[in-house]
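> Starting off with a structure, shown below.
The values are calculated or read from the model by the stated rules, or taken from the named source; none is laboratory data. Just so it is clear, the structure is predicted and the values come from calculations on it, not from any experiment. Cβ sites come from the backbone with ideal geometry, for glycine too, and all protein chains shown count toward neighbours. Protein only, heavy atoms only, side chains kept; ligands, DNA and RNA dropped before computing areas. Shrake-Rupley method; radii C 1.70, N 1.55, O 1.52, S 1.80 Å.
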Amino acid sequence: MKKIISFAIVLLALSACKKDKGEFVPTTVSNAEGYLEYNQVDGDKNTNWYSIKAMDGLSSKSLIGDSEYQESIVFGYYNHADTYGLFSPDNFPKPTEQGNWTTRLPISFRKTTITSNQMQQYRDQYKDGFPVQLILDNWKKGTNEQKSITPIQKDATYAFRSQDGKLTGLIQILTINNVNTNIQFEIWIAK
């Protein structure tokens, strides 16, 4: 009986180690300031898609036929009436050209408890860039996982992650203009 229990413990330990080896662990963090805008009347000319390849906002029109940039889109900004916020590319509220993309990266968002003062402390403490673990920890502590954040709030920090776990990030909303047509933010992406 002792041999069976010992053998079962060894199998469980090996099983746990095998699961850990398959989990992706990011090694680098990219940081940028971003700007996205969405006006209903501008259609596919809005620069409302955020690309981690360009580290900038791109328009639906500029993404047509470019699968490399399409798969680098982590979220889109949408604004119409009382609905404004960030949306996963596979959950955008208005059909646009993304329906023809070859790849739409599924993203989930979580609310964090990070205050604007804490973000400033992180910036002061990590002058050479945020460590990967800071971003991963805030994703794990985040709550209310959704495919969108609406409405977004000025000074709030949100965590986001790709479905495959290969991208995890933080975004702090710096400004939202008074008619919600554009936002400015700072973003950190662990990959």
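> Of THR47, THR150, THR168, which has the most accessible area with a 1.4 Å probe, and how do the rest follow in descending order?
THR150, THR47, THR168
> Just the number, please: carbon plus sulfur as a percent of the accessible area of region 29-190, 1.4 Å probe, no ligands or DNA/RNA counted.
For region 29-190, the apolar C and S fraction of the accessible surface comes to 42 percent.
> I've got another one for you. Under 19 Å from a label point 7 Å along Cα→Cβ of LYS45: give me every residue in region 54-89 with its amide N that close.
Inside the label zone: 57-64, 77-80.
> Per residue, how large is the accessible surface of the chain? Use a 1.4 angstrom probe and give square angstrom.
Accessible area per residue: 56 Å².
> Another question, if that's okay. Arrange the residues ILE64, ILE183 by how much accessible surface each exposes, largest first, with a 1.4 angstrom probe.
Order by accessible area, largest first: ILE64, ILE183.
> At a probe size of 1.4 Å, how large is the accessible area of SER51, to the nearest 10 Å²?
It works out to around 0 Å².
> Let's see if you can work this out: charge +1 on each Lys and Arg Cβ, -1 on each Asp and Glu Cβ, no other charges. What is the dipole magnitude of region 29-190 about its Cα centre, in debye to the nearest 20?
Dipole about the Cα centre, nearest 20: 400 debye.
> Still on this structure, I have one more. Enumerate the amide H contacts of ALA156 below 5 Å, restricted to partners 5 or more residues apart or on another chain; note that Pro and chain-start residues carry no placed amide H.
Under 5 Å from the amide H of ALA156 lie the amide H atoms of ILE173, each far enough along the sequence or on another chain.
> Rounded to the nearest 10 Å², what accessible area does VAL132 have for a 1.4 Å probe in the complete protein model?
Approximately 30 Å² for this residue.
> In whole percent, what relative contact order does the chain give with Cα contacts below 8 Å and a gap of six or more residues?
Reported as a whole number, the value is 24 percent.
> For the chain, what is the calculated [θ] at 222 nm in deg cm²/dmol (nearest 500), taking -39500 (n - 2.57) for each run of four or more DSSP H residues and dividing by its residue count?
-7500 deg cm²/dmol
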